[in-house]
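S.K.: Please see the structure below; I have some questions.
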Amino acid sequence: MSKRILSVVGARPNFMKMAPVLRQLSMHAGLQSYLVHTGQHYDDAMSRVFFRDLGMLNADFHLDVGSGSHAAQTAEIMKRFEEVCCSVKPDLVIVAGDVNSTVACALTAAKLCIPVAHIEAGLRSFDRSMPEEINRIVTDAVSDFLFTTEPSGNQNLKREGVKKEKIHFVGNTMIDSLVHCSGLRDEIFMSAQLPFLRGAAYFLTTIHRPSNVDDANQLLDVLDILEGASRLAPVLFVTHPRTRERLQRLKAADKLRQLSGNVKEIQSGFIYLLPPLPYLEFLGLLSKSKAVLTDSGGIQEETTFLDIPCLTLRENTERPITVELGSNEIVGLDKERIAACLSHIMTDSWKKGSTPPLWDGHAAERVVAALRRSSGLS
Ligand code: UD1
């Protein structure tokens, strides 16, 4: 009898991590693969365009949970996902990353005694004030297959007492998506409706962590840093809905420009706001940027793979390989340190990165091979 696998996506960073796994699952006739979208991210720009860009089929089940407090969102996903599990009766649930949808579905499945596979297991920032850190710890604790992206993940899991048979070092499925789409990148960039960018040096920024945007003083510090950077090259600030909302409340309009169709040329001294971008357009902008200033997790990895200088505006990272081997530095909101880094970047004397082991575009193949080997999925 063919085995049923229920894979879960919910928030933007899940889509690129899960798309390559879904593609691999679809190649095995003996597997019935179902996709659940929790609806944690629901705007077209945060969800639908990623299905399009990544060539994903529509989800089989939509839970439509929407936004809420952490407890409310997590609880609602659990209630609705439990119903799906009871009707599909899957042999395995696959979750990815560290968002609320990840922990909610992992916990639900574990309590129904359904085996759980976690893509991107073992990452630790050791900062429990981050909601994602709690999600990572809990998800790993209830998972049966822990697929890691970098050696630190293996070490963290072993230290926490996870049996080594459960840990599978497979590489990075998000990099699989990047490799898969890389042929399209330049083409998309050239056709993006931002012709005034061509040839211009610019910094790209994304900031959305609660620790950076929820507190007005902290967000003003971030804007000061971006303003400093903009004196060297214009800053393109791709805003998450959470950030956009906080910026509107701050009334920091003198520092910001909307990057709309009537902007003819971008200039140093300005921070240009863009809406959330589709995956391919964002990769296009990323691959041509002089450097990236971010508090995202995934973008630290994408810049490492593309060898683009990355300054992470946080006090820690759960992805240390991006600093050890890659092009990333953890700079917090330390203005002097950031100024020194930017001057290295502008004089092209930034450290030369290398690609972490197994970030080769084939991680999802290894995930599915390990699942078939270890769990008798045919
Ligand atoms: C979530 C993840 C974070 C990830 C980020 C990527 C958790 C705990 N956090 O954070 O790890 O880096 O996604 O984007 O799961 N909103 C919209 N439209 C949407 C989705 C959200 O407007 O489609 C707004 C809502 O006002 C919402 C707020 O964004 O309240 C926060 O959304 P939520 O999903 O709770 O967390 P993120 O901040 O997006």
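S.K.: What lysines sit close enough to K158 to cross-link, taking a C-alpha to C-alpha distance under 20 Å and skipping anything fewer than 8 places away on the same chain?
M.R.: Within the straight-line cut-off, K158 pairs with K166.
S.K.: Determine, for each peptide in 159-171, 115-127, the mean count of other beta carbons within 10 angstrom over its residues, then list the peptides with the highest first.
M.R.: In decreasing order of mean packing, 159-171, 115-127 become 115-127, 159-171.
S.K.: Report the FRET efficiency, 1/(1 + (r/R0)^6), for V142 and K89, where r is their Cβ-Cβ distance and R0 is 25 Å, rounded to 0.05.
M.R.: With a Förster radius of 25 Å, E is 0.85.
S.K.: Any chance you could list the semi-axes, whole Å, largest first, of the equivalent ellipsoid that the Cα gyration tensor gives for region 93-184, using √(5λ)?
M.R.: So the equivalent ellipsoid measures 21, 15, 14 Å along its semi-axes.
S.K.: Another one. Output the direction-averaged projected area (hull surface divided by four) of the convex hull of the alpha-carbon atoms of the chain, in nm².
M.R.: Dividing the Cα hull surface by four gives the mean projection, 17.6 nm².
S.K.: With an 8 Å Cα cut-off and a minimum separation of 6 or more residues, compute the relative contact order for the chain in percent.
M.R.: Once normalised by length, the contact order is 17 percent.
S.K.: Trypsin sites (Lys or Arg not before Pro) within region 337-378: which are DSSP loop residues with at most 11 other Cβ atoms inside 10 Å?
M.R.: Here the sparse-neighbourhood loop sites are K352.
S.K.: Once Rh for region 55-104 is found with the Kirkwood sum over Cα pairs, what is the Stokes-Einstein diffusion coefficient at 37 °C and 0.692 mPa s, in µm²/s?
M.R.: So the translational diffusion coefficient is about 274 µm²/s.
S.K.: Less than 13 Å Cβ to Cβ from I225, Lys/Arg counted +1 and Asp/Glu -1: what total charge do the surrounding residues give?
M.R.: The answer is -1.
S.K.: Measuring from label point to label point, each 7 Å out along Cα→Cβ, what is the T355 to L112 span in nm?
M.R.: 3.8 nm
S.K.: Output ³J(HN,Hα) for region 360-370: one whole-Hz value per residue in order, computed from phi by the Karplus curve 6.51 cos²θ - 1.76 cosθ + 1.60 with θ = phi - 60°, and x for Gly and Pro.
M.R.: Per residue, the Karplus-derived 3J(HN,Hα) values read 10, x, 10, 4, 5, 4, 5, 4, 5, 4, 5 Hz.
S.K.: OK, next. Find the Cα radius of gyration of region 229-330, compare it with 2.2 N^0.38 Å by division, and give the number to two decimals.
M.R.: Rg over 2.2 N^0.38 Å, computed on Cα atoms: 1.11.
S.K.: Accessible area per residue of the chain at 1.4 Å probe, in Å²?
M.R.: Normalised by residue count, the accessible surface of the chain is 41 Å².
S.K.: On a full-extension model of 0.36 nm per residue, what is the gain between E160 and V263, subtracting their alpha-carbon distance, rounded to one decimal in nm?
M.R.: Taking E160 through V263 to full extension adds about 31.8 nm, to one decimal.
S.K.: Ok, one more. Starting at the first residue of region 352-359, write each ³J(HN,Hα) from the Karplus equation 6.51 cos²θ - 1.76 cosθ + 1.60 with θ = phi - 60°, in whole Hz, x for Gly and Pro.
M.R.: So the J values, rounded to whole Hz, are 8, x, 10, 7, x, x, 6, 8.
S.K.: Running a GNM on the chain with Cα contacts under 10 Å, which residue among A19, A200, A104 ends up with the highest mean-square fluctuation?
M.R.: Between A19, A200, A104, it is A200 that shows the largest mean-square fluctuation.
S.K.: May I pose another question? In the neighborhood of K3, defined by Cβ-to-Cβ distances under 12 Å, what is the net charge if each Lys or Arg adds +1 and each Asp or Glu adds -1?
M.R.: Its environment carries a net charge of +2.
S.K.: Which of K163/K351; K79/K251; K17/K89; K288/K335 have a Cα-Cα distance over 31 Å?
M.R.: The pairs that break the limit, which is 31 Å between Cα atoms, are K163/K351; K79/K251.
S.K.: Sticking with this one: Leaving ligands, DNA and RNA out of it, report the carbon-plus-sulfur percent of the accessible area of region 35-101 at a 1.4 Å probe.
M.R.: That share works out to 51 percent.
S.K.: Separate question: With a cut-off of at most 13 other beta carbons within 10 Å, and DSSP calling the residue loop, which GluC sites (Glu not before Pro) in region 223-299 qualify? Please list them.
M.R.: E265
S.K.: Give me the one-decimal nm value for the distance between modelled label points at D44 and S2, 7 Å along each residue's Cα-to-Cβ direction.
M.R.: Once both label points are built, they end up 3.3 nm from each other.
S.K.: Have a look at V331, S26, H168 and report the one farthest towards the positive end of the charge dipole of the chain, computed about the Cα centre with Cβ charges (Lys/Arg +1, Asp/Glu -1).
M.R.: S26
The values are calculated or read from the model by the stated rules, or taken from the named source; none is laboratory data. Note that this is a predicted model, so its numbers are computed, not measured. A quick note on method: Cβ atoms are made from the backbone with ideal geometry, for glycine too, and the neighbour counts reach across all protein chains shown. With ligands, DNA and RNA removed, areas are computed over all heavy atoms of the protein, side chains included. Shrake-Rupley method; radii C 1.70, N 1.55, O 1.52, S 1.80 Å.
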